1. Could you say which residue among Glu135, Glu154 is within 18 Å of the chain's Cα centre (by Cα) and either within 16 Å of ligand 1 (Cβ to nearest atom) or charged (D, E, K, R) (or both)?
2. Exactly one of these conditions fails for Ala296: (1) more than 16 Å from ligand 2 (Cβ to nearest atom); (2) closer than 27 Å to Val38 by Cα; (3) of a type in the set (A, V, I, L, M, F, W, C). Give me its number.
3. Only one residue in Ala317, Ala266 is away from ligand 2 (no atom under 16 Å from the Cβ), at pLDDT 95 or above, surrounded by 18 or more Cβ atoms within 10 Å (Cβ to Cβ) and not in a loop (DSSP other than H, G, I, E, B), so which one is that?
4. Run down Leu256, Leu249 and say which single residue is within 15 Å of ligand 1 (Cβ to nearest atom) and of a type outside the set (Asp, Glu).
5. Could you list all residues from the stretch 66-100 that are touching a residue at least 12 places away in the same chain (Cβ under 8 Å), more than 10 Å from ligand 1 (Cβ to nearest atom) and charged (D, E, K, R)?
6. Just for the stretch 96-128: of the residues that are in contact with a Gly (Cβ under 8 Å, 6 or more places away or on another chain) and assigned to a strand (DSSP E or B), which one is farthest from Glu169 (Cα to Cα)?
7. For the condition modelled with pLDDT under 95, in the same structural domain as Met25 (by TED's automatic domain parsing), within 15 Å of ligand 1 (Cβ to nearest atom) and of a type outside the set (A, V, I, L, M), what is the one hit in Gly281, Gly272?
8. If a residue counts only when it is under 28 Å from Ser119 (Cα atoms), which helices (runs of 4 or more DSSP H) contained entirely in the stretch 157-236 have at least 3 such residues?
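The values are calculated or read from the model by the stated rules, or taken from the named source; none is laboratory data. Note that this is a predicted model, so its numbers are computed, not measured. Note that we place each Cβ from the backbone using ideal geometry, even for glycine, and neighbour counts take in every protein chain shown.
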Amino acid sequence: MAKDILILPGDGIGAEVMAPAVAVMTAAAAAVGIELNVSEGLVGGIAIDETGSPLPTGTLERAAAADAVLLGGVGGPRWDDLPTDQRPEKGLLGLRQGLGLFANLRPALLFGPLAAASSLKPELVAGLDILIIRELTGGIYFGEPRGVEVRDNERVGFNTLVYSEHEIERIARVAFEMAQKRGGRLCSVDKANVLEVTQLWREVVTGLAGEYPDVELSHMYVDNAAMQLVRAPKQFDVIVTGNMFGDILSDCAAMLTGSLGMLPSASLASSGVGLYEPVHGTAPDIAGRDLANPLATILSVAMMYRYSLDQPGAADAIENAVGAVLAAGYRTADIRGDAADEQVVGTGRMGELVLEHLSV
Ligand code: IPM
Ligand code: MG
């Protein structure tokens, strides 16, 4: 039976990184003998320009009916002056919420040949393999009340950081289960020394630990976690945290691997469609110049094969192809080092190289 894939290139470099990723996705499908029904839709700034809404109803409906969604990125300076609820980002947040994608998996994995591209010393990051699990449909991103209003003759801005027990429990269970399949260590990141909501977070996570005796659970305050990530990142296996802390820590972890241009992500619901996107943004400064690194999006396709299409072989093959291309010395500008055998290539060529190295 054919799998329905909805492609949402979005803005900035989104369309550029999407083309090679779709080519890799299609080639892998042919190799493992599955049929894909690929169609394209609108989200973000381009959707605002063409339909007036960052998330047209048709897009949400088609996404909900698909087996998987592959998204490029949303946002750009052109739409920066719009009110929060009309911005391109609202399209992405609406998809996450509308599809119930509460579990965001952001692996920070260092490909050996890129150790020199990391901003940390190679020995600190060699062999790095962390999985950040970010709660994606709750917390301060969605909490009510929110807004800006006038109180006592001045404007006051406010947002609400709220988590209910069931939201904490379901993301924690995903994290415990992932830790069981990996190194068996889970670090829950909170700010329980200050925020009541994260005291509850810590309590609920701790309460589940007895059900996962094979997982070693620890807790860390978010400020310390940020510090530890750049001090000794290899101490972590799986990190679980709320929406905003996860947003921040995952950018930080991404840089450890050489470039934000390397990090894929998967956003999963309890059942149904999964959404796959690079962690990086739309990089308006380099858009349209064949400079963007397509590897994060290509690696997101690998995650799609693993988590939505039940084809772990195709996922491994794509990840191996990326590894082989890097080992052969090919780099996009963001991951170039100073080794003599490196060859800097553009977005399109990098995509072709991954295809050439793909053996499923
Ligand atoms: C991310 C991005 C998004 C977020 C933006 C584009 C809304 O930074 O996926 O990390 O804050 O979640
Ligand atoms: Mg982010």
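1. Working: Glu154 fails: within 18 Å of the chain's Cα centre (by Cα).
That would be Glu135, the only listed residue that is within 18 Å of the chain's Cα centre (by Cα) and either within 16 Å of ligand 1 (Cβ to nearest atom) or charged (D, E, K, R) (or both).
2. For Ala296, the exception is condition (1).
3. Details: Ala266 fails: away from ligand 2 (no atom under 16 Å from the Cβ).
From the options Ala317, Ala266, the qualifying one is Ala317.
4. Working: Leu256 fails: within 15 Å of ligand 1 (Cβ to nearest atom).
On inspection, the qualifying residue turns out to be Leu249.
5. Passing the criteria: Asp67, Arg78.
6. Filtering first and then ranking leaves Arg106.
7. Working: Gly272 fails: within 15 Å of ligand 1 (Cβ to nearest atom).
Exactly one of Gly281, Gly272 is modelled with pLDDT under 95, in the same structural domain as Met25 (by TED's automatic domain parsing), within 15 Å of ligand 1 (Cβ to nearest atom) and of a type outside the set (A, V, I, L, M), namely Gly281.
8. Details: elements: 165-181, 196-208, 222-231.
Qualifying helices (runs of 4 or more DSSP H): 165-181, 222-231.
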